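Undergrad: Take this structure first; my questions come after.
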Amino acid sequence: MRSRSPHRKGELAARPVPPPTSRRVGHRVLSVLRTALLLLAVTTVYLGALELILAAAGISPIVEETDPYVGFSSQIPLFVQESGPNGEETMVTAANKLDLFNMQRFPAKKTTGTYRIFCMGGSTTYGRPYDNATSFCGWLRAVLPKADPARRWEVINAGGISYASYRVRMLMEELVQYEPDLFIIYTGHNEFLERRTYGPIMDMPVWLREAGTALHHTRTYTVLTRIASWAGRGPAPREDARPSLPGEVDAILDETLGPESYHRDDAQRDRVLTHFRYSLGRMTDLARSAGAEVVFITPASNLRHCSPFKSEHQDALSDDAREQCDAFLADATEARQAGRVDEALAAVEQALALDDRYAHLHFVYGQVLCDLERYDEARAAFVRARDEDICPLRALTPIRGIIADTARARRVPCVDFAALAERRSPHGIPGEELFVDHVHPTIKGHRLLALAVLDALMEQGIVRPADAWNAESMTAVTREVEGSIDARAGAMGLRNQAKVLNWAGKFAEARRLALRAIELNTEDAEAYYQAARGAVGIGRSEEAITYYRQAVAAKPDYALARFRLANALLAKDASEEAIEHYRRLLDGPPEYAALAHNNLGNELSAQGALDEAIRHYREALNIRPGYVDAHSNLGLCLMARGDAEEAIREYEKALALDPDSAPTHYNLGRALLAQGRPREAAEHLRETLRSMPDSSSVHYSLGEALRQVGDVDEAEKHFRAAARGD
């Protein structure tokens, strides 16, 4: 029997639906893509039209008003307007900027036919360690009228000492108002000089951060941000809404005694480099918004004759590995100095195997490789030493790459001074032949850079050299510039750099610069002083005494030099001469008079002249009431004279000023013990042991105090510890 269809008459049986073919899927995908592209095109046209309307309405992108990475607490103009005797208006460097900038003057209204160039950057642009005349800007000022006399050239040096790219960018916002034709930008050495923090922007994924930066360039985003702010629903686009820097440079080194405030922070390094990239791009936009051109200069530095400012072992390295690494480094240094180069190489390679991020290891490695004439490897080692420097005061390798990338992407001419310095240096390793110190070029180096910039301007058609321009013309310019150099001014620049290097702990380099300054000016007391400080730093104490004496001879009222001389003489057992110098300071500046009274008291006390020593300590305290050392030394002298109660009062005053002083706790404990107050003595002696756990004398005194209070077992323990000690 046939099975009956479940469908009634008049109904159609449902047929199975075949799966869609790939062609149908393709049609649907294309349809979606067409719709998306149409929507994108409409949106783009709409936003483009909106941008044009907002531009016509005078709305500027928010990026033209603020740095998305960091703000500034104040903005101080570099140039102020002045009226001349004939009514002409000029722009001059503001008086409150002269500590950081050269005095410059130019017409407020640019005259017809003038081509105005602003040179921007840090202390290299400024011209350190010399001045504006011998900077590359000064050389350009002298060269351009001779090379292309058809134009009237204005070269304005706007280089600021310690200025990093973000401060150069902020300064450019002012300079674009002064009818610029060209900005020459040399920046990159000072990016890590100031302490700066970044908000959550730097914790975003790179793609999101880049998208945000792009939004900052649109007027639509600017308007929406302001509407949100006015409605109370969004952050105001204000300078103080972001991490803020002071209006003028506040270098980390200015807050400390040297580079010790720097520590390895790779994440912060990346943030700083990202900010540097932004600043270069923004400077290009600013210049072109004023109709000016831009030339970048890739910063160069001294590789061969400048050791890292600070080295730091990797955090993950064990204490044993650190000790081994330091021992290998010491062995390598000693072997190299003795001429055992192969032995030095083996030691430094063993150290690098333990820690390849310790900057000074790479520097010594470079030196050893130079000794072995393996110059390509040596150059790589010196570069690595610079890049691993914990206190990076020389432009890092990524800085060079960022400048090249930005120049290529924005079609900005770039003078690669780093590459030029390598080509002009022995074995391709820049050193003291072109650099005075770590980054500042010699006068010859500035001339070399200026000529490279001139070539770039010729390539761009900005400079059209006259037929008469030739090598002889350049020789004449060289004689003119070098003939204008003031030897005393040059000496002052060199010794100022020596001072900075002494401060940073680079004593050998400081001594070398100070001696060069003395050659130019034999009457510069400060140069002798800096030579002495450098000599002390490298262990040449006799030489230091000679330079201190010369400093005092050149300037008899130089209190600091005289004080250092007296101390150095004492260390060499020349006590009579030292005492004479201390006595000469007693009527000098109060801060040195107090120090001299204290040190004179120490020497007199050692000679047994207790009453005279006590008088000097009391005089030191009259001048400087909170002088901890004078209180403590007075206590020692009073104890030696038998005035235990008065000594105790002086020790207590010293501890009130410095509660953590272990020597004072010890001396007070001894005084209390002598007065029959063993319980109080034990308290101070225990405090001393916190800082001096292996001191036999402290253990013995504490044992005696405990014995007197009846704690015999504990006393015996400390007596045994004293016996085991030295």
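Undergrad: Highest mean first, what order results for 289-301, 326-338, 309-321 on Cβ atoms within 10 Å?
TA: Averaged packing, sorted descending, gives the order 289-301, 326-338, 309-321.
Undergrad: Right, next: Could you work out the local net charge near LEU372, counting Lys and Arg as +1, Asp and Glu as -1, over the other residues with Cβ closer than 15 Å to its Cβ?
TA: Around LEU372, the charge tally is -2.
Undergrad: Sorted by mean Cβ packing within 10 Å, highest first, what order do the peptides 496-502, 346-352 take?
TA: For the peptides 496-502, 346-352, the packing ranking is 496-502, 346-352.
Undergrad: May I pose another question? So for each of 521-534, 625-638, 468-481 I average, over its residues, the number of other beta carbons within 10 Å; can you give me the resulting order with the highest mean first?
TA: 521-534, 625-638, 468-481
Undergrad: Can you tell me the dipole magnitude for segment 379-449 around its Cα centre, using point charges on the Cβ only (Lys, Arg +1; Asp, Glu -1), in Debye to the nearest 20?
TA: Using Cβ point charges on Lys, Arg, Asp and Glu, segment 379-449 gives about 360 debye.
Undergrad: Also, I was wondering about something else. Rounded if a/c is under 1.5, else prolate if a/b is larger than b/c, else oblate: which is segment 99-167, with a ≥ b ≥ c the root eigenvalues of its Cα gyration tensor?
TA: Note, shape of segment 99-167 comes out prolate.
Undergrad: A further question follows. Shape of segment 391-492 from its Cα gyration tensor (a ≥ b ≥ c, root eigenvalues): rounded if a/c is under 1.5, otherwise prolate when a/b > b/c, or oblate?
TA: Judged from the Cα gyration tensor, segment 391-492 comes out oblate (a/c at least 1.5, b/c at or above a/b).
Undergrad: A follow-up question, please. What is the Cα centroid distance between segment 267-293 and segment 336-399, reported in whole angstrom?
TA: Here the two parts' Cα centres lie 32 Å apart.
Undergrad: How are the alpha carbon pair distances in segment 439-531 distributed across 10 Å bins from zero to the largest one, expressed in percent?
TA: Each 10 Å bin holds this share of Cα pairs: 15, 33, 24, 18, 9, 0.
Undergrad: Next question, about the same structure. Evaluate E = 1/(1 + (r/R0)^6) for LEU372 and GLU173, where r is the Cβ-Cβ distance and R0 equals 41 Å; express this FRET efficiency to the nearest 0.05.
TA: It comes to 0.20.
Undergrad: With only Lys, Arg, Asp and Glu charged, each at its Cβ (+1 for the first two, -1 for the last two), find how big the charge dipole of segment 274-414 is about the Cα centre; round to the nearest 20 debye.
TA: For this selection, approximately 1300 debye.
Undergrad: Taking all protein chains in place and a 1.4 Å probe, what share, in percent, of the accessible surface of segment 636-701 do carbon and sulfur account for?
TA: Result for segment 636-701: 47 percent of the exposed heavy-atom area is carbon or sulfur.
Undergrad: Say the dipole of segment 420-577 comes from +1 at the beta carbon of Lys and Arg and -1 at that of Asp and Glu; which of GLY539, GLN460, ASN521 then lies farthest toward its positive end?
TA: The listed residue farthest towards the positive side: GLY539.
Undergrad: Does segment 559-612 classify as rounded, prolate or oblate by the C-alpha gyration tensor (a ≥ b ≥ c root eigenvalues; a/c under 1.5 gives rounded; else a/b over b/c gives prolate, otherwise oblate)?
TA: Oblate is the answer for segment 559-612, as a/c is 1.5 or above yet b/c matches or exceeds a/b.
Undergrad: Which ³J(HN,Hα) values in Hz, rounded to whole numbers, follow from the phi angles of segment 96-112 under the Karplus curve 6.51 cos²θ - 1.76 cosθ + 1.60, where θ = phi - 60° and Gly and Pro get x?
TA: Calculated HN-Hα couplings, in order: 7, 10, 6, 6, 10, 10, 6, 5, 10, 8, 8, x, 5, 10, 5, 6, 4 Hz.
Undergrad: Ok, one more. Quick one: what are the phi-derived ³J(HN,Hα) couplings along segment 184-194, Karplus 6.51/-1.76/1.60 with θ = phi - 60°, whole Hz, x for glycine and proline?
TA: 9, 10, 10, 9, x, 7, 9, 5, 10, 6, 9
Undergrad: Using θ = phi - 60° and the Karplus form 6.51 cos²θ - 1.76 cosθ + 1.60, what ³J(HN,Hα) does each residue of segment 609-621 get, whole Hz, x for Gly and Pro?
TA: Coupling constants for segment 609-621: 8, 5, 4, 5, 4, 4, 4, 5, 4, 5, 5, 4, 6 Hz.
Undergrad: Using the Cα centre as the reference, give the magnitude of the dipole from point charges on the C-beta atoms of segment 434-487 (Lys, Arg: +1; Asp, Glu: -1; all else neutral), rounded to the nearest 20 debye.
TA: 40
The values are calculated or read from the model by the stated rules, or taken from the named source; none is laboratory data. In this text, all values refer to a predicted model and were calculated from it rather than measured experimentally. Cβ coordinates were reconstructed from backbone atoms using ideal geometry, including for glycine residues, and neighbour counts include every protein chain displayed. Heavy atoms of the whole protein, side chains included, go into the accessibility calculation; ligands, DNA and RNA do not. Shrake-Rupley method; radii C 1.70, N 1.55, O 1.52, S 1.80 Å.
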